[in-house]
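J.: My questions all concern the structure below.
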Amino acid sequence: MSCNRHKIHFLRELIPSFECVPGCHDCCGPVTTSAEEMARLPRKTPAEQEVALEHLNCVHLGPDGCTVYEERPMICRLFGTTPRMACPRGRGPEQPIDPAAEHLVHSYIASTRQVLV
Ligand code: SF4
Ligand code: SF4
């Protein structure tokens, strides 16, 4: 396992999960991610990306929500787990993410070259 791969796995495990409102995708939109995470996502054509961007959508948002849920970027995982990125529908884990863990996730994002998903 490469260093980055290990780190991504480690950080993902630190982010608590919770149940979203079924079918909701209110917090989805154009997001960025690291090249390592991007490599795990299916490739989209420039035309598909352009259409998504025109509508301020994420290119991986389908009619039933996120189509890449298991591999969604770190920022998507963090959303709703911290008061600093609160879910507008009031959902979230029983316990928000530990502030130290949140800091680690943000540090990872800040330290990697981010590309538009
Ligand atoms: S975190 Fe909240 S706004 Fe985002 S998809 Fe889940 S329920 Fe909807
Ligand atoms: S990757 Fe999935 S969760 Fe993240 S913005 Fe796109 S559709 Fe939403």
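Every read-out reported here was derived from the displayed coordinates using simple, explicitly stated rules and does not represent laboratory data. What you are looking at is a predicted structure, and each value in this text was computed from that prediction instead of being measured. Don't worry about glycine lacking a Cβ; one is built from the backbone with ideal geometry, like all the others, and counts go over all protein chains shown.
J.: Determine ³J(HN,Hα), in whole Hz, for all residues of the stretch 103-112 in sequence, where each value follows from phi through the Karplus function 6.51 cos²θ - 1.76 cosθ + 1.60 and θ = phi - 60°; x replaces Gly and Pro.
T.: Along the stretch 103-112, the couplings run 4, 4, 5, 5, 5, 4, 4, 5, 9, 10 Hz.
J.: Another question, then. Provide the gained length on full extension for the span Arg89 to Phe10, in nm with one decimal, where the gain is 0.36 nm per separating residue minus the Cα-Cα distance.
T.: Working: separation 79, 0.36 × 79 = 28.44 nm, distance 2.78 nm.
That pair, Arg89 and Phe10, stretches by 25.7 nm at full extension.
J.: What does the helix-only formula give at 222 nm for the chain: each DSSP H stretch with n ≥ 4 adding -39500 (n - 2.57), the total divided by the residues, and the result rounded to the nearest 500 deg cm²/dmol? The partial results should precede the final answer.
T.: Numbers: 5 runs with 43 residues, N = 117.
Mean residue ellipticity at 222 nm (helix-derived): -10000 deg cm²/dmol.
J.: To the nearest Å, what is the center-to-center distance of the stretch 64-117 and the stretch 1-56, using C-alpha atoms only?
T.: 10
J.: Quick one: order Cys24, Cys58, Cys76, Cys3 by neighbouring beta-carbon count within 10 Å, fewest to most.
T.: Values: Cys24 13, Cys58 24, Cys76 20, Cys3 8.
Starting with the residue having the fewest Cβ neighbours, the order is Cys3, Cys24, Cys76, Cys58.
J.: Starting from the amide H of Cys66, placed 1.01 Å from N in the peptide plane, find each other amide H under 5 Å away whose residue is 5 or more places distant or on another chain.
T.: Correct list: empty.
J.: Among Tyr108, Gln49, Ala86, which residue has its Cα furthest toward the positive end of the charge dipole of the stretch 5-117, with +1 on Lys/Arg Cβ and -1 on Asp/Glu Cβ?
T.: Farthest towards the positive end: Tyr108.
J.: Still on this structure: For the chain, what does the relative contact order come out to in percent, with C-alpha contacts under 8 Å and a separation of six or more? Walk me through the intermediate numbers first.
T.: Details: 129 pairs, mean separation 48.9, N = 117.
In percent, rounded to a whole number, it is 42.
J.: Name the residue farthest towards the positive end of the dipole of the chain from the options Leu14, Pro96, Tyr69, assuming +1 on Cβ of Lys and Arg, -1 on Cβ of Asp and Glu, about the Cα centre.
T.: Leu14
J.: Under a Cβ-only charge scheme (Lys and Arg +1, Asp and Glu -1), can you give me the dipole magnitude of the chain about the Cα centre, in debye to the nearest 20?
T.: Details: 12 positive and 14 negative charges, 54 e Å.
Using only the charged Cβ atoms, the result is roughly 260 debye.
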